[in-house]
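Reading through the structure tokens given below for one structure.
The values are calculated or read from the model by the stated rules, or taken from the named source; none is laboratory data. Because the structure is predicted, anything quoted here is derived from the model rather than measured. Counting neighbours? That spans all protein chains shown, and the Cβs are built from the backbone with ideal geometry, glycine included.
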Amino acid sequence: MQNLEITNLSALELAEKIRNKEITAVEAVTAYLNVTEKKDKDINAFITVCHKEALAAAQEIDAKIAKKKKLGLLAGVPYAAKDIFATAGIESTGGSRILKGYKPPADATAIARLKEAGAILIGKTNCDEFAMGASGEHSAYGATKNPHNLKCVSGGSSSGSAAAVAANMCAFAIGTDTGGSIRQPAALCGVVGLKVTYGRISRAGVFPLASSIDTIGPLTKNVCDAALVLGVLAGQDKYDHTTLAAEVPNYLKSINKSSALSESKKKPLQNIKIGLPKECFESKISADIRDNVNKVIVNLEKLGAKVSECSLPYMKYSIPVYYIVVPSEASANLERFDGIRFGLTSDDDSSLIDFYIKNRSKGFGDEVKRRIMIGTYTLSAGYYDAYYKKAMQVRTLICEDFKKAFTKFDALIMPTTPNTAWEIGKKLNDPLSEYLEDMFTAPANLAGLPAISIPSGFGQNKLPLGIQFIGPQFGEEIVFKIGSVYELSKS
Ligand code: GLN
């Protein structure tokens with residue numbers, strides 16, 4: 001098989017071909033490394049490429065296959081991880097200068113589970129510093145460019161993960177989503193991005209942004225791959241007490257059933273009720289995005305779904321609430337980066353306070369400093385009640401809006417983003433306009449709900465569009481079902 005043919009396969013197809021000995025794991029890794037070497041000079045999706053380690057892991061998988069040993073679900077499949085995941089012995093920077101050169105002693109749980117399933121880490125991807133951003137420009141290692149137009153942003157903060165999947169530099173990738181950082185770059189780069197229910201996947205070993213909101217998830221070439229990877233990542237973890245103890249459903253099976261249905265029946269979404277929050281169209285969104293939502297709805301109705309309007313009255317407060325809660329929690333989480341235990345360290349030992357200040361002012365970028373200042377303020381005595389506590393109260397109202405909507409609907413449909421990818425640099429000096437890019441993604445984060453972004457064509461500017469389906473708590477299966485039927489109907 002040629003390189004190109006290998007890298008065009010989905011993760012599921014590739015795993016099958018490796019298991020059936022049509023392709024070796026070494027061939028798969030080599031094919032992806034070749035594409036990466038060719039394309040990443042322009043895209044800048046990777047901070048680290050793990051040539052040696054990936055080839056060694058591939059040889060181990062091939063040896064296992066030769067000895068007919070039991071294989072994991074993703075044996076031999078090359079993937080990339082956002083540089084915010086700790087990877088044992090491999091530099092993990094979080095996109096920050098403060099962690100340059102830092103090699104963690106252990107793997108994050110997500111990385112360990114993928115390893116156990118036989119997936120092969122081929123690199124660590126670029127991201128906005130400590131996952132703060134919606135453009136992929138706030139990395140100490142340079143901006144990630146959009147593979148569809150190198151002059152445009154790739155979206156953030158899991159910019160490199162989305163761009164690497166879109167440019168076929170890995171079979172799938174993983175990222176984190178606190179306010180949209182998986183779905184938003186997935187939409188801007190034209191790939192599938194899944195944000196899971198809070199507590200579905202362990203956050204252990206992932207540098208935290210906002211601990212009450214952070215989630216981990218896959219970015220993939222199709223919905224089936226997202227279900228496959230979720231099956232490997234999901235489940236309780238003793239290192240993260242917010243993970244759910246319940247059994248993990250067979251996500252792949254639920255998709256296979258729905259795609260089989262869609263071949264046999266004209267209306268595979270028969271009995272599915274989908275709500276469209278009317279507030280979506282009251283916000284400032286581009287004409288392309290608005291037309292796209294309407295087109296997708298027509299398509300879903302043809303497939304049998306019943307789509308009707310609903311209301312999430314408090315959704316409009318998502319951005320103000322999010323940009324109080326996140327900086328507050330981030331300012332506390334980032335305390336640990338003081339230059340003593342990790343990464344960058346100054347040789348100024350005049351006083352402890354000067355030492356901290358030097359390390360942090362040199363090590364952190366502008367957006368991180370901005371959030372530390374805001375968060376320190378919103379948490380300080382005298383302001384806590386007015387800001388953090390008030391924001392958390394409004395957050396509860398947002399959760400209740402969703403709860404009410406899910407008494408009537410199986411899932412909700414929304415655009416993923418208000419705009420397609422914009423030109424690099426355009427919003428850099430206007431943080432608020434970048435924050436507003438999260439208006440349709442942040443609500444699901446604040447409510448802890450699962451949501452998927454699926455490619456839904458291209459705008460007038462030939463840049464990818466994404467559509468988002470949101471499910472009730474632990475309702476990943478319903479978003480997979482709707483997503484996979486919709487995806488299939490387009491092909
Ligand atoms: N754009 C959002 C922010 O900057 C989302 C970040 C995220 O999901 N990690 O906070």
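When Ser262, Ser254 are checked against the criterion of being at pLDDT below 90, more than 23 Å from Leu436 (Cα to Cα) and buried (at least 18 other Cβ atoms within 10 Å of the Cβ), a single residue qualifies: Ser262.
If the condition is being touching a strand residue (DSSP E or B) at 6+ places or on another chain (Cβ under 9 Å) and of a type in the set (Val, Ile, Thr), then segment 48-79 contributes Thr48, Val49, Ile61, Val77.
The criterion of at least 3 residues that are more than 17 Å from the chain's Cα centre (by Cα) is met by the following helices (runs of 4 or more DSSP H) wholly inside segment 381-485: 390-408, 431-435. Which residues, taken from segment 112-150, are among the hydroxyl-bearing types (Ser, Thr, Tyr) and either surrounded by fewer than 24 Cβ atoms within 10 Å (Cβ to Cβ) or within 12 Å of the ligand (Cβ to nearest atom) (or both)? Hits for segment 112-150 are Ser135, Tyr141. The set of residues from segment 151-173 being among the aliphatic types (A, V, I, L, M), within 13 Å of the ligand (Cβ to nearest atom) and within 17 Å of Thr215 (Cβ to Cβ) comprises just one member, Ala162.
Yes/no matrix, rows are residues, columns are (1) within 15 Å of the ligand (Cβ to nearest atom); (2) in contact (Cβ under 8 Å) with a residue 40 or more places away in the chain:
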| residue | (1), (2) |
| --- | --- |
| Asn429 | no, no |
| Met439 | yes, yes |
| Asn445 | yes, yes |
| Pro464 | no, yes |
| Gln473 | no, yes |
| Glu477 | no, yes |
| Phe480 | no, yes |
| Ser489 | no, yes |
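Scanning segment 333-350 for residues that are in a helix (DSSP H, G or I) and either within 15 Å of the ligand (Cβ to nearest atom) or over 15 Å from Leu209 (Cβ atoms) (or both) returns Asn333, Leu334. Residue-level check: of (1) over 22 Å from Ile216 (Cα atoms); (2) within 16 Å of the ligand (Cβ to nearest atom), Tyr377 misses just (2).
Within segment 59-85, the set of residues being among the aliphatic types (A, V, I, L, M), buried (at least 24 other Cβ atoms within 10 Å of the Cβ) and out of contact with any Lys or Arg (no Cβ under 8 Å at 6 or more places or on another chain) comprises Ile61, Leu74, Val77, Ile84.
Taken over segment 303-322, the residue count meeting the criterion of being out of contact with any helix residue (DSSP H, G or I) (no Cβ under 8 Å at 6 or more places or on another chain) and either loosely packed, with under 15 Cβ neighbours inside 10 Å or within 15 Å of Ile470 (Cα to Cα) (or both) is 1.
Considering only residues in segment 202-225 that are away from the ligand (no atom under 13 Å from the Cβ) and part of a strand (DSSP E or B), the one that is nearest to the chain's Cα centre (by Cα) turns out to be Pro218.
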